[in-house]
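The values are calculated or read from the model by the stated rules, or taken from the named source; none is laboratory data. Just so you know, these numbers come straight off a predicted model, no measurement behind them. Here the Cβ is made from the backbone with ideal geometry for all residues, glycine too, and neighbour counts use every protein chain on show.
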Amino acid sequence: MRLPRPPGLVAWATAHPLVADSLLGGLLATVSLLALVFQARSEHLPPPGLLAVALVLVVNVPLAWRRRHPFGANLVAGLASAVYGATPLPDLVTPVPLGGAVALYSMAAWCDRRKAVIVGVTTAVAVVIVSWVPQTQSDLVDFSFTALLLTSAWVLGDSARIRRSYTAELEARAAWLARQQDYEAQRAVTAERARIARELHDVVAHHVSMMVVQAEAGPVVVEHDAPGAVRTFDAIAGIGRQALVEMRRLLGLLREESGRHETVLAPQPGVAHLPELVERIRQSGLKATLDVEGEPVALPPGVELAVYRIVQEALTNVLKHAGRVRVRVRVRYGARDMHLEISDDGGGTEPARPDGVTVRTEMNDRPGHGLVGMRERVHLFGGELTAGPGPDGGFTVAVRLPVGGAG
């Protein structure tokens, strides 16, 4: 979640608060003094006296610290404004309390709510008291204008404080959600790698079991069938080499196994089991088809398992998120690699409700856990995976895997 960036001038003022607030205080002091001078000339009065100039400066100069010390700046500016209003200056009229209003706004915007309410009530009482002092010569219009100005300043400052707190809360929540998404994605990767490790462990266990069985039968075969013994030992060597390849992949994961599982000594599913998988998916409501192109080649058991799991996960995602659509599974054998493509037409009329875990549509955003698992399997064997909307609608998962595996 990204919040909009402030305009250039606002960003500069936020980055240099002391300089910006000093310029603001100087500007307001200049405007107030010029107002006094022009007023005196228009009414043919003497120029402002030293006391008036000093009080105007004391009202506006503390604005330089209005964000760093809002309470202190408002206290000084408010007392100076009250003194100016209560001081008998018969040759001058009290200027508009611009500095006092800005100081009150800053206090309401940057102090906590309780302190801001107390200061606001105190300011209101002070305005009433000063208005009743005979030297001020203020009428109902002057009192109403001052009260409206200061009330508006306090309300605007309180609104700014609430808005800033709300923005900070949104930013904190967005950061928390980003951390949670990273954690969930990492946990999904870890869980998937642990699952792959368990499955590869079962493949290796199956190979070792076969080696043990054939090795135990070796002496009998050597005694009665010498040519058969050669074939037996060749088979043991081939199975051993395959087990070493799978073992290297298993150790390459370097992930701690999580949860309890049961070791299955039977072979894991592979490409030969894809027709059964597609048939089961078809019984679930998908209009699924399977096409095999090219001359099938013998694949390492780990690659066979990866192909089956990738197709299984892709079909499950279609069933979850696209509903009852047409989906096509293509398996194409090449000279050096094999290609998988699972694509749907996206025309389902009964889409399933997303479960909040797997995301099919935003591959450029944080991937869903199903795609995380596919990617981990493909990368384990040195392949490539792409997934996203198809050219004619729907969604397509395309995978390329080396036929020799990645040792």
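Among the residues of segment 186-197, none qualifies, meaning not one is modelled with pLDDT of 70 or more, closer than 30 Å to ILE118 by Cβ, within 20 Å of the chain's Cα centre (by Cα) and not assigned by TED's automatic domain parsing to the domain that holds ALA109. Among residues that are part of a helix (DSSP H, G or I), assigned by TED's automatic domain parsing to the domain that holds SER32, touching a helix residue (DSSP H, G or I) at 6+ places or on another chain (Cβ under 9 Å) and modelled with pLDDT under 80, VAL102 is not included. Any idea which residue in segment 298-330 is surrounded by the most Cβ atoms within 10 Å (Cβ to Cβ), counting only those that are part of a helix (DSSP H, G or I) and of a type in the set (Lys, Arg)? By that ranking, first place goes to ARG309.
Does GLU257 fit the bill of being at pLDDT 70 or above and either surrounded by fewer than 18 Cβ atoms within 10 Å (Cβ to Cβ) or basic (Lys, Arg) (or both)?
Judged against the criteria, GLU257 is not a match.
Of the helices (runs of 4 or more DSSP H) lying entirely inside segment 1-78, those containing at least 1 residues that are exposed (fewer than 15 other Cβ atoms within 10 Å of the Cβ) and modelled with pLDDT under 80 are 8-15, 17-42.
Report yes if LEU170 is modelled with pLDDT of 70 or more and under 30 Å from TYR105 (Cβ atoms), otherwise no. Reasoning before the result, please.
On the way: modelled with pLDDT of 70 or more: yes; under 30 Å from TYR105 (Cβ atoms): yes.
Answer is yes for this residue.
State yes or no: is TRP154 over 30 Å from HIS44 (Cβ atoms), in contact with a Leu (Cβ under 6 Å, 6 or more places away or on another chain), modelled with pLDDT of 80 or more and buried (at least 19 other Cβ atoms within 10 Å of the Cβ)? It is true that TRP154 is over 30 Å from HIS44 (Cβ atoms), in contact with a Leu (Cβ under 6 Å, 6 or more places away or on another chain), modelled with pLDDT of 80 or more and buried (at least 19 other Cβ atoms within 10 Å of the Cβ).
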